[in-house]
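Trainee: Please see the structure below; I have some questions.
No lab work stands behind these numbers, since they all come straight from the coordinates. Note that this is a predicted model, so its numbers are computed, not measured. Backbone-built Cβ (ideal geometry, glycine too); neighbour counts: all protein chains shown.
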Amino acid sequence: MVRSMTAFARTSGDTGQGRLTWEVRSVNSRYLELHFRLPDDFRDLEPALREAIKTRLNRGKVEVALRFQPVAATQTLSVNTALVEALSQATDQIHAVIGPGNALDALKLLEWPGVLEAPATDTKALQATALSTFDEALTALNSAREREGAALADLIRQRCEESRILSADADQIMPEAIAAHREHLLKKLTDLLENPDIERLEQEMILLAQKADIAEETDRLRTHLDEVLNILSRDEPIGRRLDFMMQELNREANTLSSKAMRTDLTRIAVDLKVLIEQMREQVQNIE
């Protein structure tokens, strides 16, 4: 299964204390890079989240964010009456020393640390739900990566077929190109017989020998294309293998370009390079 490294997933889960929402994004990277944005009550989950991701993903820059929205009931505040009574007694003692003053301001009392108390949060239960919901997010992310990967694989297969057709075109053109170059050399040879220049003739013969056969390059090109298709069928991370094959394909296209005797062969070599570069760009996104 071909998997892209580019994907996004969002999942949510409701508890009696509030709603948990995970957002997971991944983009291409040479390695597995993990970044987390978690509320304070959930920071203890990071090691478990890292392990969960490592068992499901191999490469990519992954950003994980969690939002927790408490339900209204959990937002009810209570007053610490014992603390308020203690503050009132302390104020009476101060008034006994400095004389009576204004009555205690209720709003000022509410600002005192610890006077207002939020209900206790069942952190363990929330974290358990968060982990369960995160597993759903990872499943959704992998599904998105597989869908994107399937589309990338189709694009690469299409360009492999186009490259195969171009290599066959080059094979068909080459005999005609060699014949035309032979006529060109015979004309030069006639000129040389009238004005002998043995060194120049040897250079022309060497050049013809070097460019006379592109079968080796086109055969290797098609072999590399077959290997690309074979790699695409594997159920494992294949991005690095494909990247290496793109380098090999590009090497054969460059050699073919250097042997081009005519403009139509040069055009084929250029078109091959364009197709290979398009495949290479897609391969950068494959896990």
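Trainee: Given R₀ = 35 Å, FRET efficiency for Glu136-Glu281 by Cβ-Cβ distance, to 0.05?
Mentor: Numbers: r = 32 Å, r/R0 = 0.91.
The calculated FRET efficiency here is 0.65.
Trainee: Which order, highest average first, do 158-169, 15-26 follow once you tally other Cβ atoms within 10 Å for each residue and take the mean per peptide?
Mentor: So the peptides 158-169, 15-26, ranked by packing, come out 15-26, 158-169.
Trainee: Express in nm, to one decimal, how much length is gained between Ala151 and Asp243 on full extension, taking 0.36 nm for each residue of separation and deducting their alpha carbon distance. Mind showing how you got there, number by number?
Mentor: Working: separation 92, 0.36 × 92 = 33.12 nm, distance 1.74 nm.
Length difference between fully extended and current span is 31.4 nm.
Trainee: Moving to a separate point now. Using r as the Cβ-Cβ distance of Glu33 and Asp219, and R0 as 41 Å, what FRET efficiency do you calculate, to the nearest 0.05? Intermediate values should be presented prior to the final figure.
Mentor: Details: r = 40 Å, r/R0 = 0.98.
Rounded to the nearest 0.05, the efficiency is 0.55.
Trainee: Sticking with this structure for a sec: Which order do peptides 224-234, 140-150 fall in by mean Cβ count within 10 Å, highest first?
Mentor: Values: 224-234: 16.4, 140-150: 18.4.
Final packing ranking: 140-150, 224-234.
Trainee: Each residue of region 46-55 in order: what ³J(HN,Hα) in whole Hz does its phi give by Karplus 6.51 cos²θ - 1.76 cosθ + 1.60, θ = phi - 60°, with x for Gly and Pro?
Mentor: For region 46-55, the Karplus curve yields 4, x, 5, 5, 4, 5, 5, 5, 5, 7 Hz.
Trainee: Work out from phi, with θ = phi - 60° and the Karplus expression 6.51 cos²θ - 1.76 cosθ + 1.60, the ³J(HN,Hα) of each residue of region 143-158, listed in order in whole Hz, and give x for Gly and Pro.
Mentor: With coefficients 6.51, -1.76 and 1.60, one gets 5, 5, 5, 5, 5, 5, x, 4, 5, 5, 4, 4, 5, 5, 4, 4 Hz.
Trainee: Here's something else I'd like to know. HN-Hα J couplings of region 19-26 from phi, Karplus 6.51/-1.76/1.60, θ = phi - 60°, integer Hz, Gly and Pro as x?
Mentor: 10, 9, 10, 9, 10, 10, 10, 9
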